[in-house]
Every structure is written in structure tokens, then in C-alpha cells.
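Read-outs throughout are calculated quantities, based only on the coordinates presented, and are distinct from any laboratory measurement. What you see is a predicted model; the values in this text were computed from it and never measured. Here the Cβ positions follow ideal geometry from the backbone for every residue, glycine too, while neighbour counts run over all protein chains shown.
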Amino acid sequence: MERFFIQGGKALRGELKIDTAKNSILPLMAASIMVEGVTTFQNVTRYSDVLVMSKIIESLGAVVSWDGDSLIIDSRELSGSSVLNELAGKLRASVFLLGPVLARQKTAKIAYPGGCEIGLRPIDIHLDGLKALGAKVIDKNGYIYASADKMRGGDYALRFASVGATENIMMAAVLTKGQTRIYNAAKEPEIVDLACYLNKCGAKISGAGSSVITIEGVKKLSRSVKFRPLGDRIIAGTMLLACAACGGEITLKNAKAEHNEALIAKLSQSACQFDIKSDKIKMRSYGRLKSFGSVETATYPGIPTDLQPQIVALQCVSDGCCMIVENLFESRFKHAAELMKMGADITLKNNVCLTRGRDKLYGAEVKASDLRGGAALVIAGLAAEGYTTVEGVEFIDRGYYELEKQICLLGGDMKREKI
Ligand code: EPZ
């Protein structure tokens, strides 16, 4: 077992290159098994979720290898069509295999996905979308069985703009005869990244990033390509929030400001100063910030749910009250109780969190129970007086690679230790 040991109270200063977007590389890896060729993903970070996804696609018969930070996936010989529970249950992204396996193998047996416990996380929209394309789908004993004998392109409107469901249906439609139009599609940058990769492989997708995505089905994808995924906008947002909570001046490279517009607007209103170039963000933050007042998480381009816990941590040391409404997941406030051990003044009711900023937080022994909640505890520890230990590092490693080293690069005092 490991924990982070954080000595708080230091301003953050320095420069950091932002790693690959976890929520881009995971669907990209799933999509690569549709290609009867070799894909080289460049500049890939070895998050633990990426390592698990590699095992899943190897279990399907793809050959996965690394060359430095390039991840090479040879899916010319794909033999399998089943993803079993012991692997699928480790991450949410295993559900992204459903569309690609069905499209390539014409049959699929995928165990229900795992993922952070931040809500029920149903997959009904994924399944309804595939059925709308003619797939036969049976949900039994914790597995999804699907067959593609009668799949044809068609129109489908998502009842909610689900990121994963948009990606799954888009991938399935790429190798489905006819035209498919997805309405009320999610617009996240990671979906644009996925469409760019698939089009580079020979797919015919238009409209990604808007609420209507059109796919013209093709017989097969056989181009071997190189592709560099996006930088991780959630890691970039996390570092900006850490600097806002601690004070200081940081520069983030491989970070597109337009992918964090809503957050940057809130930070600017709270007296942070920005200097923005194409894929570089410089931020200065001095003194105690004003609270955000109110924040509602929303689908892109709104405030991302994946930054909600980190925003709560900042609001606990900002001046004034803040009402944070979580609209995407029904139980994503597990970090609140841990922050209260550090002296935070938080009230919770249903999907609303009310913070009253304190002059300071105090170091404590706290425990992460999900990925982004863990990042929030790290931010609080960096801003607190005294030292903080954060257990549950295995959750944080899913989406932050060697976070302690990245924080030290920015002048923070944080180390990983065995317990
Ligand atoms: C993706 O999850 C991300 N994960 C999540 O990031 C992110 O929080 C989420 O999108 C929202 O942006 C990956 O990309 C691997 P959704 P996903 O489908 O696709 C409901 C992180 O910390 N819903 O957009 O699972 C669902 O219950 C993770 O990096 C249905 O009801 O999210 C939730 O309330 C956490 N039925 C809402 O939609 C469905 O079939 C948003 O879910 C699918 C979703």
C-alpha cells in the first residue's frame, strides 16, 4: 500500500508539460482494434487505466507494445470478441470495447464495466443506441451479448449527451453499412480527437464536437497510422486549481486554454491573471481568492464534473460562500467528509455542496475513494498548514501519472511512501 505525504503552505512556481488525455487515449485504444493495421499512438502516458486497457485489447488478440512513450497496437489479427469481468470490472472504459468489437467481429460479449464509484453509471444509452442501428443486444448475468447480423445505419437521439455512449455508437457506426446520424451527441474535445483518429484510418465522420454527428459506414479500416492524442484538460484544470489554492505562478505546456474556458473564466473573476498562447497557459495567483459564488457542473463546454472535487477544495480556502451543484453524477461528494477533517466548512444536501471559506485548512490523515476526489485532497493538503497524508493513491494513479513528481516540479512538497 502507498500514500502521499504532503507538506503544505508552499506557493507553486514552475513549468509542467501536461500528459496525454486519459479520456482520449482510452477510447482511442478501443477504436484501434477496428483497424486491420498497426496504430502508433505517440506521447502516451502510462496511467494505470492505460495498462489495464492494454491487457483488455491483448486478450482480444491484438499485439500491444511500447517504444518509449509511443504505444503500438497491431490489430491485424483480432481473434477474440469477449471481454471478461476480471478485466472489464477494473475500469469504466471497458464499455468502449462494445461498439468496436461488435463492428469488427460482428459479435461481442462484454462484462459490465467498473470505474470510480461516483454514481450508478448505467449503460442504457449505449445499448439503446446500438439497438437503434439494428444490433441484437441481450443484458444477462452481468454481461452484454450483442450481434451485428442485421446492423444498418440509422438515426439515434441520445436522451442525455453521454460521452461514452456517443463514442460507442460512433465507433460502431463506422463499420455499419449506410448513414448514421447521432443527435444530442456529447461535444467533449476527446470525441473530436476520436473522430480525427478514425478519419485518419479511413472512416467518414463529420460533425464531431457538435451535437449532430454523421457517419457514412465503410467496409473496413486498414490504414496503419501514427496519432498524437490531446493533452489532458482535467489534469491542466487540476494544476490551475492547485496554484489558485496555494498561490504562485505556473506555466502549463501541451494545454489548450479553449478546453478549460469555463474554469479560466471563473478563476479570472477570482483575481487570477492569465497569459495564454496556443497550447500554453500561464497563470499567476496571489493572496486569498474570492469564492466562485456558485458553480454548476455541465456537459462540455461547461464546468466539467471531473473538476468539481478540485473546485470544492479551492472554495474551502477562498473568501466567502460558494454553492456547487453536481449535475452529472449522483454521488460525487465523497471528498467532502475528508476535507472536513482538515477544517473545511461544508454542508451537503442532495447534489448541492455549500462551502464557507476558512482562513486556512490544517493537515490531517485523509483517504481518497475515487480519482478526482483524491486530486481534491492533494490540493487541500498543498494549501493546508502542516502535513497531510493521503491514502487511496491507487485511485489517483488511474488518471495522474507520478503526481508527486509533477507537484514537486511545480515547487510543491509531496512524496509517495509505502505504508
Ligand atoms: C466519461 O464517463 C469520463 N470517463 C468521465 O471521467 C466523465 O466524468 C464523464 O464522461 C462525464 O464527462 C471516460 O471518458 C473514461 P457519461 P462516462 O456517460 O462516459 C449517465 C474521470 O474522472 N448515463 O457522460 O461514463 C451517467 O450515469 C471520469 O476521468 C446514463 O444514464 O460518462 C452520468 O450520470 C469519471 N446512461 C451521466 O450520464 C448511460 O448509458 C454522464 O455519464 C450513460 C451515462
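Summary of values
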| read-out | value |
| --- | --- |
| Angle in degrees between helix 48-59 and the longest Cα principal axis of the chain, rounded to the nearest 10 | 10 |
| Computed Rg/Rh of the chain, alpha carbon atoms with Kirkwood Rh | 0.98 |
| Prolate/oblate/rounded label for the stretch 157-205 (Cα gyration tensor, a/c 1.5) | oblate |
| Percent antiparallel among DSSP beta bridges (both partners in the chain, rounded to 5) | 70 |
| Selected from Ser94, Ser206, Ser331 as most flexible by GNM, with the chain as the system and alpha-carbon contacts under 10 Å | Ser331 |
| Degrees separating the helix 371-383 axis from the principal Cα axis of the chain, which is the longest one | 20 |
| Under DSSP loop assignment and at most 15 Cβ neighbours within 10 Å, longest GluC sites (Glu not before Pro)-free interval of the chain | 118-329 |
| Loop-exposed chymotrypsin sites (Phe, Trp or Tyr not before Pro) per DSSP, neighbour cap 12 Cβ within 10 angstrom, longest uninterrupted part of the chain | 1-159 |
| Overall Cα dimensions of the stretch 201-309, principal axis frame, Å, largest first | 59, 28, 21 |
| Kirkwood-based Rg to Rh ratio, the stretch 152-263, C-alpha trace | 1.09 |
| Gyration tensor over alpha-carbon atoms, the stretch 1-141, equivalent ellipsoid semi-axes in Å | 31, 21, 13 |
| With at most 11 other Cβ atoms within 10 Å, longest stretch of the chain clear of loop trypsin sites (Lys or Arg not before Pro) (DSSP) | 220-419 |
